[in-house]
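This report concerns only the one structure given below.
The values are calculated or read from the model by the stated rules, or taken from the named source; none is laboratory data. It should be emphasised that the depicted structure is a prediction, and the values quoted were computed from it without experimental measurement. Cβ placement follows ideal geometry from the backbone for every residue including glycine, while neighbour counts extend to all protein chains displayed. For the accessible areas, the whole protein counts, side chains as well, though only heavy atoms, and no ligand, DNA or RNA atoms are used. Shrake-Rupley method; radii C 1.70, N 1.55, O 1.52, S 1.80 Å.
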Amino acid sequence: MPAFEREWAAALEESRKTFSLGGLYEVLQEWQGLIASAPAVDAFVASGYDDSDFIDMAELRGRRR
């Protein structure tokens, strides 16, 4: 199962239990951000820049919350 479908299904199940749409909105916002940044990521990868000093996206997401 693709990542979006897995996350959406988990958020949907949680919303059924809690009667809250917050988790669904969070999944949508995260994936909208990923899709919006995809062209920039593609351009970076195609440019050949050294990305060995990258920051883990999970760490960035943790800072945001």
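Just one residue in the set F54, F44, F4 is aromatic (F, W, Y) and assigned to a loop (DSSP other than H, G, I, E, B); that residue is F54. Of the residues E7, E59, E14, the single one that is open to solvent by 60 Å² or more (accessible area, probe 1.4 Å) and touching a Gly at 6+ places or on another chain (Cβ under 6 Å) is E14. Within the range 17-29, the set of residues being surrounded by 10 or more Cβ atoms within 10 Å (Cβ to Cβ) and not in a helix (DSSP H, G or I) comprises S20, L21. As for the range 30-40, it holds at least one residue that is in contact with a Phe, Trp or Tyr (Cβ under 6 Å, 6 or more places away or on another chain), modelled with pLDDT of 90 or more, assigned to a helix (DSSP H, G or I) and surrounded by 12 or more Cβ atoms within 10 Å (Cβ to Cβ).
For first residues located in the range 4-28 and hydrophobic (A, V, I, L, M, F, W, C), partners that are loosely packed, with under 13 Cβ neighbours inside 10 Å and lie 6+ apart or on another chain with Cβ distances below 8 Å form the pairs A9/M1.
For the range 31-47, state whether one or more residues are in contact (Cβ under 8 Å) with a residue 24 or more places away in the chain and under 20 Å from R61 (Cα atoms). Scanning the range 31-47 turns up at least one residue that is in contact (Cβ under 8 Å) with a residue 24 or more places away in the chain and under 20 Å from R61 (Cα atoms).
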